[in-house]
Amino acid sequence: MKTVLVVYWSMSGNTELMAKKISEGADADLFTIDEISPEEALKYDKIAFGCPSMGDEFEEGEEFYQWYQNLEYQLDGKKIAIFGSYGWGSGEWMEDWEERLEEAGYDLFEEALMVNEAPGPQEEEDCFNFGKRFKDY
Ligand SMILES: Cc1cc2nc3c(=O)[nH]c(=O)nc-3n(C[C@H](O)[C@H](O)[C@H](O)COP(=O)(O)O)c2cc1C
C-alpha cells in the first residue's frame with residue numbers, strides 16, 4: 001500500500017486520464033470507486049478524489065456521490081485533493097464540492113484541479129505536477 005490514494009469515477013474517460021497522470025506524479029495507488037471500498041480508502045492519509053461534472057451540484061454525480069457519502073464525514077486528519085473534468089461553464093460543481101470540504105474544516109490541498117473535457121498534453125503535465133505536489137504536501 002502506498003501513502004497516497006487516487007480514487008475516481010469517470011463516465012467517458014476524461015477524469016480517468018487525469019487520475020492516471022495525478023497518480024503517476026504522486027506515486028499513488030489508483031482505483032475506481034468500484035475497485036475500493038470507502039473503508040479501505042480511509043486507510044490512506046492522503047486521498048485525491050476525482051469526479052467529473054454531472055450538473056451544477058456536486059451530488060448530481062450520483063455514482064460517485066453514493067460511494068463518497070459513506071466517507072465524507074470521516075475525513076478529519078486526512079489530506080484531501082479533488083479534481084475532475086467538466087464540459088462547460090465555470091466549474092460550479094467543483095466550487096460546491098470545495099465549499100462542502102471547507103465548511104467541514106477539512107484539510108484541502110490547493111484549489112481543485114479542473115480540466116475542460118479531455119486533458120491535452122499540457123493538462124496531462126499539470127495533472128502529473130499536481131500529483132507530485134500533493135505527495136509532498
Ligand atoms: C449527464 C451529464 C451531465 C453533465 N453535466 C454537466 C454540467 O452540468 N456541467 C459541465 O460543465 N459539464 C457537464 N457534463 C460534461 C462532462 O462533465 C464532461 O464531458 C466531462 O469531460 C466528462 O468526464 P468523464 O470523461 O470523466 O466522464 C455532463 C455530462 C453528462 C454525461
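The values are calculated or read from the model by the stated rules, or taken from the named source; none is laboratory data. Keep in mind that what you see is a predicted model, and the values were worked out from it rather than measured. Cβ: placed from backbone, ideal geometry, glycine included. Neighbour counts: every protein chain shown. Note: accessible area is taken over every heavy atom of the protein model, side chains too, but ligands, DNA and RNA are not part of it. Shrake-Rupley method; radii C 1.70, N 1.55, O 1.52, S 1.80 Å.
Assorted remarks:
- Those residues of the stretch 81-108 which are surrounded by fewer than 17 Cβ atoms within 10 Å (Cβ to Cβ), hydrophobic (A, V, I, L, M, F, W, C) and touching a helix residue (DSSP H, G or I) at 6+ places or on another chain (Cβ under 9 Å), in sequence order: 104
- Residue 118 meets each of the listed conditions (1) more than 11 Å from the ligand (Cβ to nearest atom); (2) over 12 Å from the mean Cα position of the chain (by Cα); (3) open to solvent by 20 Å² or more (accessible area, probe 1.4 Å); (4) not charged (D, E, K, R) apart from (1).
- Looking only at the stretch 21-60, and only at residues there that are free of Cβ contacts under 8 Å to residues at least 60 places away in the same chain, in a helix (DSSP H, G or I) and in contact with a strand residue (DSSP E or B) (Cβ under 9 Å, 6 or more places away or on another chain), the one that is surrounded by the most Cβ atoms within 10 Å (Cβ to Cβ): 41
- Residue in the stretch 46-66 that is farther than 19 Å from residue 134 by Cα and away from the ligand (no atom under 14 Å from the Cβ) present: yes
- The number of residues in the stretch 23-32 being in contact with a Lys or Arg (Cβ under 9 Å, 6 or more places away or on another chain) and within 13 Å of the ligand (Cβ to nearest atom) comes to 0.
A quick yes/no check of all residues on (1) touching a Phe, Trp or Tyr at 6+ places or on another chain (Cβ under 7 Å); (2) within 15 Å of the ligand (Cβ to nearest atom):
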residue	(1), (2)
71	no, no
80	yes, no
89	no, yes
103	no, no
111	no, no
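- Looking across the stretch 61-80 at every residue that is outside any helix (DSSP H, G or I) and among the hydrophobic types (A, V, I, L, M, F, W, C), the one that is surrounded by the most Cβ atoms within 10 Å (Cβ to Cβ) is identified as 75.
- Some residue of the stretch 94-103 being assigned to a strand (DSSP E or B) and under 16 Å from residue 48 (Cα atoms): no
- Test result for residue 18, buried (at least 17 other Cβ atoms within 10 Å of the Cβ), more than 13 Å from the chain's Cα centre (by Cα) and within 16 Å of the ligand (Cβ to nearest atom): no
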